[in-house]
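Trainee: One structure is given below, represented as structure tokens, and several questions about it will come after.
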Amino acid sequence: MKRIIAHWTGGTYKANAIDRRHYHLIINGDGSIVKGNNPVSANAAIKKGSPYAAHTRGINTGSIGISVACMAKATERDFGNYKMTKEQWLSMCKEIAKLSKRYNIQITRKNVLSHAEVQRELGIKQNNKWDFTCLPWFSNKILGARVVGDLMRKQVREYIRTPNSAIVYKPSAPKEVKRPSSTLKKGSKGKLVTKLQEDLILLGFDLKIDGDFGKNTELVLSAFQEKHGLKPDGVYGSKTKAAIKAALGEKLKPLPLVKESLTAKAKKPTAGKSRTVQKPTGKKSLQVQKKNFIIIIIEFIVRLMKGK
Ligand SMILES: [Zn+2]
């Protein structure tokens, strides 16, 4: 025999006459095993006119058909009153383990598979078979033929290793999507770097916004870190991120005009790195000075006109 194909009957928890005609083995609701009418050998070389277990469209030769008695009136939305139980599932996997040993069948996707996998794995069209695309004893969701198939093979391998194993394999939780690291350092490029450069400019540092974390960005960031009591390594990690956020929060607080020019002066970055780390431009304080200067001029002109 070449392969084992696993099904469910679409009936109740008890194998009936039709089931016995179509499968070699049927697993009842309580996990007990029922033998079908036809021996496995009847499917080894199918002869015209002689009975065999017709369980899978177009590929019965060399195929052992095993089936779980369950899923009567089940739909993909509502699995109904005869959901496949865990006992049945495990009992089936145990039987597949025995059969694969007896017939020397390797546990691969092409050799030991569910009906729902046949079309994809063997390229033989089936009519929308969904046995097995779900594990009703595990969840009410459709998990997919390959997920369930892989799990079946895993469980079968376990029973081959340890026939009385108590391990029950369940689908693993969906893999967490790994988000790209938010750590930026020299050599980093892209939108996050642009955002960092913008933030540093907002904080009064002089920097070109180019989305390229070069030497300047590194030095400016180091200066920021040193000023905020962080290790000045020029690497933008979670601590630096938090410090920048906090500093921006403070920066965005409205300040009285006069105080603003004072803070701008106070924000002079540490000396020593001044060649590349330029001091804050203090554009705002310049504007304030200009404004004050204009007021003085106007006052002067007014005084002149009054002839004082
Ligand atoms: Zn089937």
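The values are calculated or read from the model by the stated rules, or taken from the named source; none is laboratory data. Please read all numbers here as calculations on a predicted model, not as lab measurements. Backbone-built Cβ (ideal geometry, glycine too); neighbour counts: all protein chains shown.
Trainee: Looking at (1) in contact with a Gly (Cβ under 9 Å, 6 or more places away or on another chain); (2) surrounded by 20 or more Cβ atoms within 10 Å (Cβ to Cβ); (3) among the charged types (D, E, K, R), which is the only condition residue 109 fails?
Mentor: Among (1) in contact with a Gly (Cβ under 9 Å, 6 or more places away or on another chain); (2) surrounded by 20 or more Cβ atoms within 10 Å (Cβ to Cβ); (3) among the charged types (D, E, K, R), the lone unmet condition for residue 109 is (2).
Trainee: Take the residues of the stretch 148-186 that are of a type in the set (Ser, Thr, Tyr) and loosely packed, with under 12 Cβ neighbours inside 10 Å: which is modelled with the lowest pLDDT?
Mentor: 181
Trainee: Got at least one residue in the stretch 87-105 being touching a helix residue (DSSP H, G or I) at 6+ places or on another chain (Cβ under 6 Å) and within 16 Å of the ligand (Cβ to nearest atom)?
Mentor: yes
Trainee: Another one. Applying the selection to the stretch 119-163, what residues are part of a helix (DSSP H, G or I), among the small types (Gly, Ala, Ser) and either away from the ligand (no atom under 13 Å from the Cβ) or closer than 13 Å to residue 96 by Cα (or both)?
Mentor: To start, the set of residues in the stretch 119-163 that are part of a helix (DSSP H, G or I) comprises 119-122, 145-161.
After this cut, where a residue has to be among the small types (Gly, Ala, Ser) as well, the list is 145, 149.
Hit for the stretch 119-163 is 149, nothing else.
Trainee: Assigned by TED's automatic domain parsing to the domain that holds residue 68, among the polar types (S, T, N, Q) and within 18 Å of residue 66 (Cβ to Cβ): is that true of residue 119 in this structure?
Mentor: no
Trainee: Of all residues in the stretch 239-259, which are at pLDDT below 90 and either over 38 Å from the mean Cα position of the chain (by Cα) or not aliphatic (A, V, I, L, M) (or both)?
Mentor: The answer is 249, 250, 251, 253, 254, 255, 256, 257, 258, 259.
Trainee: Considering only the stretch 21-50, state which residues are of a type in the set (Ser, Thr, Tyr) and surrounded by fewer than 16 Cβ atoms within 10 Å (Cβ to Cβ).
Mentor: Filtering the stretch 21-50 down to residues of a type in the set (Ser, Thr, Tyr) leaves 23, 32, 41, 50.
Correct list: 32, 41, 50.
Trainee: I would also like to ask the following. Since residue 82 meets every condition but one in (1) outside any loop (DSSP other than H, G, I, E, B); (2) in contact (Cβ under 8 Å) with a residue 12 or more places away in the chain, which condition does it not meet?
Mentor: (1)
Trainee: Let me ask another. Quick check: anything in the stretch 55-65 in contact with a Pro (Cβ under 9 Å, 6 or more places away or on another chain) and either under 18 Å from residue 4 (Cβ atoms) or outside the structural domain of residue 134 (by TED's automatic domain parsing) (or both)?
Mentor: no
Trainee: In addition: Considering (1) at pLDDT 55 or above; (2) assigned to a helix (DSSP H, G or I), say which one residue 262 fails and leave the rest.
Mentor: Among (1) at pLDDT 55 or above; (2) assigned to a helix (DSSP H, G or I), residue 262 violates only (1).
Trainee: Tell me which residues, restricted to the stretch 1-58, are hydrophobic (A, V, I, L, M, F, W, C), more than 14 Å from the ligand (Cβ to nearest atom), over 27 Å from residue 123 (Cβ atoms) and more than 42 Å from the chain's Cα centre (by Cα).
Mentor: Matches in the stretch 1-58: 17 only.
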